[in-house]
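The structure appears right after this line, and notes come after that.
The values are calculated or read from the model by the stated rules, or taken from the named source; none is laboratory data. Keep in mind that this is a model prediction, so the values were computed, not measured. For neighbour counting, all protein chains shown are included, and Cβ atoms are generated from backbone atoms with ideal geometry for every residue, glycine included.
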Amino acid sequence: MTCTQLKEKLDDYVDGLMDRAESATLGAHIENCNDCHQVLARAQGLRASLKAYGKSSMPRPDATFFDRALARAAQTGIRRQRNRWIMTGAGGIIAAGLVLWMLGGMFLKTPEIVAPAMPSIVMTLEEPRTLNLVFSSATTLANATMTVVLPQGVEVVGFAGQREITWITSLAEGKNILPLTLIATSPEGGELMATLRHEGDDRTFRVQVSIIS
Amino acid sequence: MSSLEQNQRASFDTLLRPHLDRLYRLSFRLAGSKPEAEDLFQDVLVKAFARLDNLLDVREPGPWLCRVMYNHFIDNRRRIRRARLVCVEESQLRGQSLDSLPGDLDPVRDAERLDDIMRLGHALATLSDEHRLVILLHDIEDYKLAEIHQITGDPVGTIKSRLHRARARLRKALGTDGTNSRP
């Protein structure tokens with residue numbers, strides 16, 4: 001090995017990336033070459049200086065900085081989630097202009113309601129869209145269960161991969177608005193179902209979701 | 001806070017805490033000053049929470065987080081004012097006043113060590129951003145070439161060549177072909 005070759009390979013040697021045979025060859029050259037011995041010593045010295053520099057030049061964060069940073073990130077994230085989807089307190093359904101009136105405590109017994117043609121919405125692939133479900137109730141209904149079943153290729157933002165989402169909600173007297181921010185991840189589309197259950201009774205509302213690219 | 005939100009927060013904390021130290025160090029190496037490093041660090045944690053679903057599926061969150069930080073830094077480089085380490089005053093080396101350097105109990109040697117640190121800081125500041133970053137990550141923070149590839153996306157061969165040139169430039173900037181040795 002020549003001195004020029006050694007200098008080209010020195011980084012690998014100092015970094016421990018050289019195979020055993022080549023390392024032995026380089027080592028043998030260094031033992032017999034004072035100049036290369038000096039070059040190696042300087043390279044190793046620089047590494048040591050850089051390590052010492054690294055230790056000395058790093059500031060310490062305050063004792064509570066990590067705790068505060070994690071908490072702040074979670075708070076920000078949760079606040080943004082809530083702004084996208086209100087899950088508590090009110091659940092209601094209107095799909096593309098359909099308003100369903102719920103009368104009294106026996107809210108499902110509404111024979112006067114004639115189901116219109118299934119409402120529909122059109123979504124663009126990968127573009128979020130908020131679907132406002134508005135539900136009007138003549139009375140407060142506590143501890144109702146809302147279940148949303150999504151068609152293939154549609155997700156609720158913040159709930160990636162989940163086709164069915166269920167939560168407990170209470171309905172206020174009057175209009176209750178539930179915004180669902182949806183995103184189409186693939187072009188299938190289909191039927192979105194929202195089912196409201198209360199004390200043994202249930203009602204399902206459907207929206208046809210079409211997706212364009 | 002709902003139980004879902006509490007679970008999210010707990011998962012986030014558990015997932016990230018083992019990586020915070022290294023992430024903090026990377027933020028400082030990228031940003032160059034403590035206030036900007038902490039801003040960068042906070043921004044990345046917010047991004048990580050927003051992608052918690054993805055993060056829970058990642059086998060090695062550490063490199064993933066470093067990559068997010070590096071990309072965020074590059075995207076915001078004009079906004080994040082980089083404090084080049086042009087002049088390192090003694091007060092900026094936290095805890096490294098002469099009184100607090102781990103002692104040889106030899107004030108002359110302690111002063112030399114502080115001087116060495118400052119000279120190296122000046123020399124690093126003369127390097128290009130690319131060269132300085134690869135020295136900081138590999139030679140100072142002990143990232144392997146493959147890890148630097150995961151962070152920056154650059155091929156390992158490119159990183160290796162860059163490191164080789166960066167070391168050569170650093171040696172030249174130090175003016176002694178790479179040594180801080182004293183007679």
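The set of residues from segment A:19-42 being β-branched (Val, Ile, Thr), touching a helix residue (DSSP H, G or I) at 6+ places or on another chain (Cβ under 7 Å) and more than 14 Å from chain B (Cβ to nearest Cβ) comprises just one member, A:Ile30. Those helices (runs of 4 or more DSSP H) of segment B:102-180 in which at least 2 residues are more than 17 Å from A:Leu50 (Cβ to Cβ), modelled with pLDDT under 85 and not assigned by TED's automatic domain parsing to the domain that holds B:Leu30, considering only elements entirely within it, cover B:107-125.
Filtering segment B:41-65 to residues that are over 18 Å from B:Thr152 (Cα atoms) and of a type in the set (Val, Ile, Thr) leaves only B:Val46. The set of residues in segment A:160-194 being under 19 Å from A:Glu127 (Cβ atoms), outside any strand (DSSP E or B) and either of a type in the set (A, V, I, L, M) or touching a Phe, Trp or Tyr at 6+ places or on another chain (Cβ under 8 Å) (or both) consists of A:Ala160 alone. Within segment B:1-19, being free of Cβ contacts under 8 Å to residues at least 40 places away in the same chain and either of a type in the set (D, E, K, R) or within 9 Å of chain A (Cβ to nearest Cβ) (or both) holds for B:Met1, B:Ser2, B:Leu4, B:Glu5, B:Arg9, B:Asp13, B:Arg17.
Among residues belonging to segment A:25-66 that are part of a loop (DSSP other than H, G, I, E, B) and not β-branched (Val, Ile, Thr), point out the one that is surrounded by the most Cβ atoms within 10 Å (Cβ to Cβ).
Taking the candidates together, the pick is A:Ser57.
Looking at the structure I just gave you, is B:Arg22 at the interface with chain A (Cβ under 9 Å from one of its Cβ atoms) and either under 22 Å from B:Glu141 (Cα atoms) or surrounded by 22 or more Cβ atoms within 10 Å (Cβ to Cβ) (or both)? No.
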